[in-house]
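Below is one structure, written out as structure tokens; the observations come after it.
The values are calculated or read from the model by the stated rules, or taken from the named source; none is laboratory data. Small disclaimer: the values here were computed from a predicted structure and weren't measured. We place every Cβ from the backbone using ideal geometry, glycine too, and count neighbours over all the protein chains shown. Note: areas computed on protein heavy atoms with side chains; ligands, DNA, RNA excluded. Shrake-Rupley method; radii C 1.70, N 1.55, O 1.52, S 1.80 Å.
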Amino acid sequence: MYFTSFEQLISMDGHGFYVWFCYACFVLLVAGNIWAAKHRQQRLVKQIKSQLRR
Amino acid sequence: MSWFDNWHLPKWFYQMASPKWFFDFGARLQPWFAALALLFIVCGLVWGLLYAPADYQQGNSFRIMYVHVPAAILSQSIFLMMGVTGAIGLIWKMKVAFMVARACTLVGASFTALALITGAIWGKPTWGAYWVWDARLTSTLIMLFLYTGVMALNQAIADRSVAGRATAILAIIGSINIPVIKYSVEWWNTLHQASTFTLTAKPSMPPEMYMPLLFMVLGCYCLCAWLVVQGTRNEILDQERQASWVARYLEDQ
């Protein structure tokens with residue numbers, strides 16, 4: 001591991017905010033894209049199923 | 001032109017054109033893309049964030065590279081994919097190709113936004129400014145506008161085949177922007193640094209710095225493949241809901 005302490009990992013010598021913000025954006029965007037795709041699939045399945053029953 | 005008449009595309013090219021075939025084949029591919037994406041991205045993130053050494057000039061802020069570079073690469077690749085599938089749809093009148101292009105838009109736009117956001121954040125400690133009107137940044141912003149244009153056009157036209165053709169033309173014309181983005185750092189005097197990563201040359205970084213980047217790029221390609229396949233399968237369900245195979249598929253769900 002490059003960092004010697006947890007505090008150092010968080011602060012990253014003053015660059016912590018920039019780095020962690022970018023990684024958080026990445027994780028949020030990936031999760032959001034996956035959720036949107038799965039959610040649309042579920043909605044479509046439900047919708048088409050109710051159409052078929054009619 | 002007899003050589004042209006006798007020339008055939010491989011069988012899979014025509015199989016891809018069948019919505020049902022793509023729907024089933026995509027479902028079989030997805031677990032592989034998901035597993036590879038998870039493996040590569042988790043390894044790349046942990047390695048890049050915790051184990052890679054800091055840059056001697058930029059310090060720890062260079063770790064932003066591990067999300068910024070894959071996002072930028074993917075945003076351009078997906079745009080090209082949108083242009084190519086749009087062209088295939090126009091030339092061979094393939095519905096599925098338009099559906100793939102449509103599935104590309106949101107994924108591509110969000111990766112472009114991510115590249116711009118992480119780039120801006122990286123710019124602050126490195127250049128002293130969040131944004132400069134540099135050729136690389138400006139051409140990438142134009143790409144984001146092109147993505148939103150394609151999305152708006154898709155929303156505005158109710159007829160899917162008309163929307164597919166209209167957006168294909170916009171995506172093909174917009175692809176001119178891709179080489180502009182790529183060569184902007186060479187054609188103009190830019191603040192943005194040149195590529196750290198090329199297919200042909202040996203990387204200028206040591207392996208413990210570029211390996212996490214390679215993992216992240218590969219992982220993001222797999223992730224986007226999963227997303228585009230899922231998006232296309234959603235489009236197929238939406239547009240083929242009248243087909244009997246869809247009813248049979250939903251019975252098992």
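For the reader, a short list of remarks on this structure follows.
- Residue in region B:86-101 that is farthest from B:Asp238 (Cα to Cα), counting only those that are without any contact (Cβ under 8 Å) to a residue 60 or more places away in the chain and in a helix (DSSP H, G or I): B:Ile91
- Filter result for B:Ser139 (crowded, with 18+ Cβ neighbours inside 10 Å, at pLDDT 90 or above and closer than 28 Å to B:Phe25 by Cα): no
- When each of B:Arg63, B:Arg28 is tested for being of a type in the set (Lys, Arg) and within 11 Å of chain A (Cβ to nearest Cβ), the lone residue that passes is B:Arg63.
- Look at region A:1-12: where a residue is within 20 Å of B:Cys43 (Cα to Cα) and a partner is part of a loop (DSSP other than H, G, I, E, B), sitting 6+ places away or on another chain with Cβ atoms under 7 Å, you get A:Tyr2/B:Ala52; A:Tyr2/B:Pro53; A:Tyr2/B:Ala54; A:Leu9/A:Phe3.
- Out of A:Gln42, A:Gln51, A:Gln47, one residue alone is more than 9 Å from chain B (Cβ to nearest Cβ) and on the phi < 0 side of the Ramachandran plot. It is A:Gln42.
- Across region B:122-134, a minimum of one residue is classified as within 13 Å of another protein chain (Cβ to nearest Cβ) and on the phi > 0 side of the Ramachandran plot.
- A:Ser11 meets all of the listed conditions (1) at the interface with chain B (Cβ under 8 Å from one of its Cβ atoms); (2) in a helix (DSSP H, G or I); (3) under 16 Å from B:Gln58 (Cα atoms); (4) not β-branched (Val, Ile, Thr) but one, namely (1).
- Of the residues making up region A:29-54, those that are surrounded by 12 or more Cβ atoms within 10 Å (Cβ to Cβ) and under 13 Å from the mean Cα position of the chain (by Cα) number 7.
- Single unsatisfied condition, A:Ala24 versus (1) under 23 Å from B:Cys224 (Cβ atoms); (2) more than 7 Å from chain B (Cβ to nearest Cβ); (3) open to solvent by 60 Å² or more (accessible area, probe 1.4 Å): (3)
- For region B:243-253, a tally of residues being free of Cβ contacts under 8 Å to residues at least 12 places away in the same chain and open to solvent by 20 Å² or more (accessible area, probe 1.4 Å) returns 6.
- When region B:143-166 is filtered for residues that are aliphatic (A, V, I, L, M), surrounded by 15 or more Cβ atoms within 10 Å (Cβ to Cβ) and assigned to a helix (DSSP H, G or I), the ones remaining, listed by number, are B:Met143, B:Leu144, B:Leu146, B:Val150, B:Met151, B:Leu153, B:Ala163, B:Ala166.
- Every residue from region B:42-62 that is surrounded by 22 or more Cβ atoms within 10 Å (Cβ to Cβ) and out of contact with any His (no Cβ under 8 Å at 6 or more places or on another chain): B:Gly44, B:Gly48, B:Ala52, B:Phe62
- Taken over region B:8-51, the residue count meeting the criterion of being small (Gly, Ala, Ser) and closer than 20 Å to B:Thr85 by Cβ is 4.
- Qualifying residue in region B:102-121 (condition: touching a residue at least 60 places away in the same chain (Cβ under 8 Å), more than 14 Å from chain A (Cβ to nearest Cβ) and open to solvent by 30 Å² or more (accessible area, probe 1.4 Å)): no
- Single residue of region B:213-242 satisfying the filter (in a loop (DSSP other than H, G, I, E, B) and surrounded by 15 or more Cβ atoms within 10 Å (Cβ to Cβ)) that is nearest to the other protein chains (Cβ to nearest Cβ): B:Arg241
- Some residue of region B:70-82 being within 10 Å of chain A (Cβ to nearest Cβ), of a type outside the set (S, T, N, Q) and either assigned to a helix (DSSP H, G or I) or surrounded by fewer than 22 Cβ atoms within 10 Å (Cβ to Cβ) (or both): yes
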